[in-house]
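What follows draws every value from the coordinates through simple rules; no lab data is involved. Model, not experiment: these values are computed from the prediction. Glycine gets a Cβ as well: all are built from the backbone with ideal geometry, and neighbour counts include every protein chain shown.
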């Protein structure tokens, strides 16, 4: 088994895009992020995990009227993926499960909405040959967002099938 720990960091300034009713606290908001990663190569079970924290632009609702503003605030989140390498009927098969969470602003969206996300995924990859993979995946997602027009919640469940050609 191979163990690969890691640490990442970046710092910078970000100029968020805002709507007409929302003001940015600055044209150069702090965006500082740190992440710790751990990868365990499959033998036959593998793990990939990452936790991220820092500050980044996000929407803050108004306290006395107005449309609110975008400022640098705390963010955090991460994911854990477990997967296995197995063989079935002579084919390589990789079942997997993933949990993901995120709490913070989505800076790439207008007004950097405050978002709380919890997501579960599970599936299986079937390696038909060295150049052909078939993946079946299920996902359950629960997302809450705070924007200038109010609080929104979306829950979804998706199933998808992907055929991939590797060359």
Before anything else, pin down the relative contact order of the range 3-165: Cα pairs under 8 Å, at least 6 apart, normalised by residue count, whole percent.
17 percent
Efficiency of FRET between residue 84 and residue 142 - r from beta-carbon atoms, R0 25 angstrom, step 0.05:
0.45
Say R0 is 22 Å: what FRET efficiency, to the nearest 0.05, do residue 135 and residue 41 get from their beta-carbon distance?
0.65
How would you rank 155, 71, going from fewest to most other Cβ atoms within 10 Å of each one's own Cβ?
155, 71
What is the distance in Å between the Cα centroid of the range 16-35 and that of the range 121-135?
40 Å
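Would you order 70, 2, 97 from fewest to most other beta-carbon atoms within 10 Å of each residue's own beta-carbon?
2, 97, 70
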What three numbers, in Å, describe the spread of the alpha carbons of the chain along their principal axes, ordered from the longest?
65, 32, 27
Only counting other Cβ atoms within 10 Å, I'd like 149, 124 sorted with the fewest neighbours first.
149, 124
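Tell me, what is the FRET efficiency for residue 120 and residue 166 to the nearest 0.05, using R0 = 22 angstrom and their Cβ-Cβ distance as r?
After rounding to 0.05, the efficiency reads 0.20.
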